[in-house]
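For reference, the structure discussed in these notes is given below.
The values are calculated or read from the model by the stated rules, or taken from the named source; none is laboratory data. The model shown is predicted, which means the values in this text are computed figures rather than measured ones. We place every Cβ from the backbone using ideal geometry, glycine too, and count neighbours over all the protein chains shown.
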Amino acid sequence: MLQLSSSLEENLAALNARFGASADFYAKRIELYHCPGAIVLFDNMASLQSLWSLLLDAATRHTPSLEPERMPHSGTQVYDLLMNHSGLPAEDSPVKDMDDLIRRMTAGMAVLLLDGCKKGLVFSVQGLKSRSVEEPSGEGNLRGSREGFADLLRVNLSLLRRLIRTDTLVMETAQADCAMKTEYAICYCKDKAGKTAVARVRRTLQEAKPEVLLDSSYFVPWLFPARWRLFAPVSYTERPASAAAKLCEGKIVILVNGSPSALVLPSLFCENFDCLDDYATTAVFSSFLRVLKYGSFYLSIFLPGVFVCLAVYLPELIPPQLLFKIAAAEKATPLPLFAEMLLVIILLEIIREAGLRMPQTLGHSVSLVAALIIGDAAIGAGLLSTPVILVASITAISVFVTPSLYEPATLLRLGVTLAAGLAGPVGLVCAALGVLAALTSISAMGVPYLSGAVFSGDGVVRRNYRALSRRPFTIWQRRGS
């Protein structure tokens, strides 16, 4: 670690060697009490207007005497004078090494370096431009807060602090060991979170070495290493209200500078079917919606496979009138039913991906036009049958009821359809057992992914919120961590 030199010229030469070619690097030479100095910062990250306003405001306050016999000349004397005997609102912790200096500057702060002093004064004059606090588009709620996380880490931390106004909330910040030196934060409630779990997460993130860090999800392979995984025991939210609720349950929230997506861990499978609106409505209606979500999720995985299995291997289980219509539709198509189903599923995924990646003004139109034209043309040309398109459409709609499970549901749907088409009922049963095995084999920090006992009364069927509030709960109950 390179310590700051007592020579101002050496410090400025080291900074110029690193950032001299950058247009945003700003170094202003000044003189204080006949001592040479320089203010260094990055333009548009630190606000020059705020800096000069701060200095002018300090100049109007009580300042030390400027008599020649009492005037300090060395950098150490000037530093002590400004730090301890002036009205300058400098940060309590000074800069002592080059890495810390760069970290402060890239955080939007201005640093005053003095000739003859190995420490620098830091001023918080951030002027970072960022996206304003808006409602997240991916998490719709009828009631509750409309605020969403922004892209700046400090703004996101302030949103959490405004909701949890107690001394139990701890927000630890650090820099990732990557080329970008991205800042991240570990947030938890010290009276609810497991101490062992917090220490493990802190140690893991310190040892992680991502090439770049653009989102909190980049940490998952280090937190839960595995060769392959369909379900991850983590969840994501862009709502401060949701993150605050998870913190109060004893969970750990990880925020990364530059991303509005908060990583919540550990997460349970049942939490993919919950939302903030569940606690703002009656227990009966919330329970009905949760049962509906569970049904939609399993429908999105197994409906195509069950349809293929029944139509190809077990047609006697289908009502005769429906069977005749399916058989008539299949006679007009050149492909077998199994191949048709796979083709339609893949086409729907292509249409979805195209609509998602297109510019927002065109995305919805592309998805709608592609689905209508391709579906109608395929049926008219006799390439696809109406029952297959109907089943695939129901499946595609059902998966969006639980958007957090979209990725594993898509892969599992293809796997179940393949198994049912190749091996019939045996393949379908094996696929179902495989899904169950994939869910039961996952745990995070000692908490099974399918665990629901810790949330007694708040599982598939929810109790009255007043009854739930009588006994505070955390995810670490009865686990001793």
Notebook entry, point to check: Any residue in segment 27-38 that is buried (at least 16 other Cβ atoms within 10 Å of the Cβ), under 18 Å from ARG103 (Cβ atoms) and either of a type in the set (Ser, Thr, Tyr) or under 33 Å from the mean Cα position of the chain (by Cα) (or both)?
Noted result: no
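Which residues, taken from segment 17-26, are loosely packed, with under 13 Cβ neighbours inside 10 Å and not in a loop (DSSP other than H, G, I, E, B)? Walk me through it before giving the result.
From segment 17-26, those loosely packed, with under 13 Cβ neighbours inside 10 Å are 17-18, 20-24; that's our starting set.
If the condition is that a residue be loosely packed, with under 13 Cβ neighbours inside 10 Å and not in a loop (DSSP other than H, G, I, E, B), then ALA17, ARG18 are the ones that fit.
Looking at LYS246, LYS209, which is the one that is in a loop (DSSP other than H, G, I, E, B), within 24 Å of ASP151 (Cα to Cα) and not small (Gly, Ala, Ser)?
Working: LYS246 fails: in a loop (DSSP other than H, G, I, E, B).
After applying the criteria, what remains is LYS209.
Go through the residues of segment 224-240 one by one and say whether even a single one is among the aliphatic types (A, V, I, L, M) and under 17 Å from the mean Cα position of the chain (by Cα). Steps first, answer last, please.
Start the filter on segment 224-240 by keeping residues that are among the aliphatic types (A, V, I, L, M), which leaves 226, 230, 232, 234.
The next check asks that each one be under 17 Å from the mean Cα position of the chain (by Cα); those that pass are 232, 234.
Taking every residue of segment 224-240 in turn, at least one turns out to be among the aliphatic types (A, V, I, L, M) and under 17 Å from the mean Cα position of the chain (by Cα).
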Notebook entry, point to check: Hey, does segment 282-299 have a residue that's more than 30 Å from ALA245 (Cα to Cα), surrounded by 18 or more Cβ atoms within 10 Å (Cβ to Cβ), outside the structural domain of SER217 (by TED's automatic domain parsing) and out of contact with any Phe, Trp or Tyr (no Cβ under 8 Å at 6 or more places or on another chain)?
Noted result: no
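Yes or no, residue by residue, for (1) outside the structural domain of LEU265 (by TED's automatic domain parsing); (2) closer than 22 Å to GLU271 by Cβ; (3) at pLDDT below 90:
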{"residue": "THR173", "(1), (2), (3)": "no, no, no"}
{"residue": "CYS178", "(1), (2), (3)": "no, no, yes"}
{"residue": "TYR184", "(1), (2), (3)": "no, no, no"}
{"residue": "GLN206", "(1), (2), (3)": "no, no, no"}
{"residue": "LEU214", "(1), (2), (3)": "no, no, no"}
{"residue": "SER217", "(1), (2), (3)": "no, yes, no"}
{"residue": "PHE224", "(1), (2), (3)": "no, yes, yes"}
{"residue": "SER242", "(1), (2), (3)": "no, yes, no"}
{"residue": "LYS251", "(1), (2), (3)": "no, yes, no"}
Margin query: Pairs please, first residue from segment 88-116 and on the phi < 0 side of the Ramachandran plot, second anywhere and in a helix (DSSP H, G or I) and among the acidic types (Asp, Glu), Cβ atoms under 8 Å, 6+ apart in sequence or on different chains.
Written below: ASP115/GLU9
Next item on the list: Identify, by number, the condition in (1) in a loop (DSSP other than H, G, I, E, B); (2) at pLDDT below 75; (3) under 15 Å from LEU112 (Cα atoms) that SER6 doesn't meet.
Entry: (2)
Check: Among the numbered criteria (1) in a strand (DSSP E or B); (2) surrounded by fewer than 19 Cβ atoms within 10 Å (Cβ to Cβ), which single criterion is violated by PRO225?
Finding: (1)
